[in-house]
Structures are given as structure tokens and as C-alpha cells.
1. Can you list the lysines whose alpha carbon is less than 23 Å from that of K237, not counting same-chain residues fewer than 8 positions off?
2. Among residues other than K64 whose Cβ falls under 10 Å from its Cβ, what is the net charge (Lys/Arg +1, Asp/Glu -1)?
3. Note down the accessible area of L171, probe 1.4 Å, to the nearest 10 Å².
4. May I ask you to evaluate 6.51 cos²θ - 1.76 cosθ + 1.60, the Karplus curve with θ = phi - 60°, for each residue of the stretch 300-311 and list the ³J(HN,Hα) values in order in whole Hz, giving x for glycine and proline?
5. Pull up the cross-link candidates among the lysines for K64, meaning alpha carbon to alpha carbon under 23 Å and not fewer than 8 places away within one chain.
6. In sequence order, what are the phi-derived ³J(HN,Hα) couplings for the stretch 44-61 according to the Karplus relation 6.51 cos²θ - 1.76 cosθ + 1.60 with θ = phi - 60°, rounded to whole Hz, with x for glycine and proline?
Amino acid sequence: MFDSLWNFIHNLFLSIMADNPGPAVPLTFYPGLQLIPSRFYDMVCDVDITERLVFVVTELRWYKQRILTSEHEYLVARLQRRGGSRAMFAKIERGPSRSANQLQISSTSSPSVLGKEVCAYDLITCLGQDGINSYTVGDRLLAKYRFPEVPLLEFFRVVRLVSQYRDEYELNNTMCYWFVGVIVEVARRLFVPHHPGNSYNPPRGAGQYMFINLMTPQWTTDCNDIEQNYRREKSVKPDPVGPQEEQARERVRDAREQGLQQGLQQGAARERAAAEERERALIAEAAKAKAEAANAIQAFRAIQAQLRRDGGTV
């Protein structure tokens, strides 16, 4: 049903620079970076706090593929620096486990009968502006949501919590429609001022396959639960990376940087040693050639002298 997820190979180009001249952003949002939500969240946590705090999510776009055999739905989040205009994008989606075959996936439409569970495969892919334009071409934009500047870490905390809340894939329930819709609804409740909440209200055309509505009242309950999970986690640990953990991460980053510098220095030292060895070999080769030439000249002169003694000429 979701064939596009099986061919998830990107070769995109991404340039993230500050609006003003300066060094490149040290976040590792390189072309085609793909991570599951928990790993992506950990990656953001591992970034230097001064960089982590300046990146925000300002927009969510809800897309639906026009391919009738798929009608896959996914989100594209706009990420940028606070107050900046240049942006990058992250594609957020759910599909079935790549190890599941078509029969196993189809069986999830009646799990109570066939009893075969398929794990969900949630994925975040980093795209540049060119990447989003080329990847979404032909797909239907169902809705676009503007957000105040939501901290990058907090938004992807929501994505991680949604992914972990229901990690099984069911065609009639927790598939891509559920994943996308719940992320949007919970994010709007948490980050959009005066959002009414308490109900699941997707855009027209969302959550439908072949014009059949697959949304269930359970999705509203799921949104409520995940919202409470977020508030509970946020109250216990407002900053996912506390001062002590930040210091520990800083030490790790310093160690990595030091290791990189040492590696570069060792590499440069090895290169210098190799160059010196090549130079010594060339000098030795030149000396050998010079000695051979001197011997040849000496032999030639000896022949000349012998010929003169014998009354001959050269």
C-alpha cells in the first residue's frame, strides 16, 4: 500500500547557513539524513546548547500522495533560526516495518482475526528547499499550519512521544494517517495559543483511502493521552538536557573535537614523514644516477686514452 516507503533513497543538497555571514550551522542536518524519531531527538539533544536553542519549528505542511494505490500521508516541518528567513525542512512519516511482506501488512486490517502484528517504521528525513520541492511535486497539500517559534527540541519531543505511544502498524488504525494527524493535533494543542483542543479535527481529505474515512474516535483519546504524557514529562524534566548532562555532553563533544584534531595532526605528521621518505628516496635515486653517469664518463675517457695509445681515433 505504501510502496514509496520501500524506495526511500534521497540524493539531495542542503545548505544551512546563518542569514548573516558566519560559520556553517554545526547541526548535522546533512542531505538525506534519515533517523527514527528517538534517534533524531537524541541527536538534537547532543548538539551544543547555544545552537540547539536558536533553532525553531515555524510551520507544518500536511501532504497526501495522489497515487491511488498509496494515498500515503506525511508531514513536512519548516526548521529555521530564530528571526531568520532561510530554512530547511524535515519530512516526518510512518510506514510498516520494512521486513514485513504485503500479506503481513494486509493482515493488520483484521488483527483480532489473524493476530499478526507488524511494527511501525517511523522516519524523519532532512530535506533542503530543492529537496522539498522535488519530493512533494504532484502531491496534494491538505493543510498548512503556522506556529509561533516552537523550540526544535520540544517539537521533536512530541514526535518521539507519538511514535512511542503506538509502535504497531495497523491499516485501519495506527498507520500513516494516525501518525500525521496525532502529531499535528497534539502540537497545535501545546504550541498554538488559544487552540480549543479536546477534539481531533483534521483537514478535508485527510485520513481517507479511496474516499473511505479511516479515522476513529479512539484517535481523540490518543491525542489526549499523548498531550498528558508530554505535560507530565515536561514537568518532571523541563530541559531534556539538564546542566549536569549538558556538561557531560560538552565533555564528550570536546573529546570528539580533540580526537578529531589529534587525528588530523597525526595524519599530517604521517603525511610529512611519508613526504620526507619520498624526498630521501628521490635524493638517493638522484645520487645513484649521478654516480652511474660519472662511472660512464670515466669508462669513456679510459677508452679514449687506450685508443690514442694504440694510434687510433675516437
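The values are calculated or read from the model by the stated rules, or taken from the named source; none is laboratory data. In this text the structure is predicted, and so the values were computed from the model without any measurement. Using ideal geometry, Cβ is built from the backbone for each residue, glycine included, and neighbour counts are taken over all protein chains shown. All accessible areas refer to the heavy atoms of the entire protein, side chains included, with ligands and DNA or RNA removed. Shrake-Rupley method; radii C 1.70, N 1.55, O 1.52, S 1.80 Å.
1. none
2. Numbers: positive: R66, R140; negative: E71, E73, D139.
Local net charge: -1.
3. Rounded to the nearest 10, the figure is 30 Å².
4. 4, 5, 5, 5, 4, 4, 5, 5, 5, 5, 8, x
5. By straight Cα distance, K64 reaches K91, K144.
6. Result, ordered by residue: 5, 4, 7, 6, 3, 4, 5, 7, 4, 7, 8, 8, 9, 9, 10, 7, 10, 10 Hz.
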